[in-house]
Amino acid sequence: MDKKNALRAGALAAGTTLMMLLMSSPALALARDDGDDPGQGLTVMETLAQFVIAPTVIFLVIVGLVMVLDRSTDRQPKAKAKAKA
């Protein structure tokens, strides 16, 4: 029974992936649409700033706010109970 469920899960995953690839093919088209007016491309530094540096800074600000505003008093790790032999 376990092998049958694994086969079903694999078939579902493969089918879902195939459908996603087939449905996303227009996104890879090279033809321009009417009214399409792309702007200038980004430089390497602009790309890194927008997709790497800015999200990292935002993440660090959120972490900092959580650490500063956290008011919990239980900071010590809890001792594990000794198992009886």
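The values are calculated or read from the model by the stated rules, or taken from the named source; none is laboratory data. A quick note: this is a predicted structure, and the numbers were derived from the prediction, not measured. Cβ sites come from the backbone with ideal geometry, for glycine too, and all protein chains shown count toward neighbours. The area values use the complete protein model at the heavy-atom level, side chains included, leaving out ligands, DNA and RNA. Shrake-Rupley method; radii C 1.70, N 1.55, O 1.52, S 1.80 Å.
Things to note:
- Taking only Cα atoms of the chain, radius of gyration then Dmax in Å: 25.5, 78
- Peptides 9-17, 64-72, ordered by how many other C-beta atoms sit within 10 Å of their residues on average, highest first, read 9-17, 64-72.
- Annotation: per residue accessible area for the chain equals 102 Å², rounded to a whole number [probe 1.4 Å, protein chains only].
- Calculated mean residue ellipticity, 222 nm, the chain: -16500 deg cm²/dmol, from DSSP H runs (n ≥ 4) at -39500 (n - 2.57) each, averaged per residue and rounded to 500.
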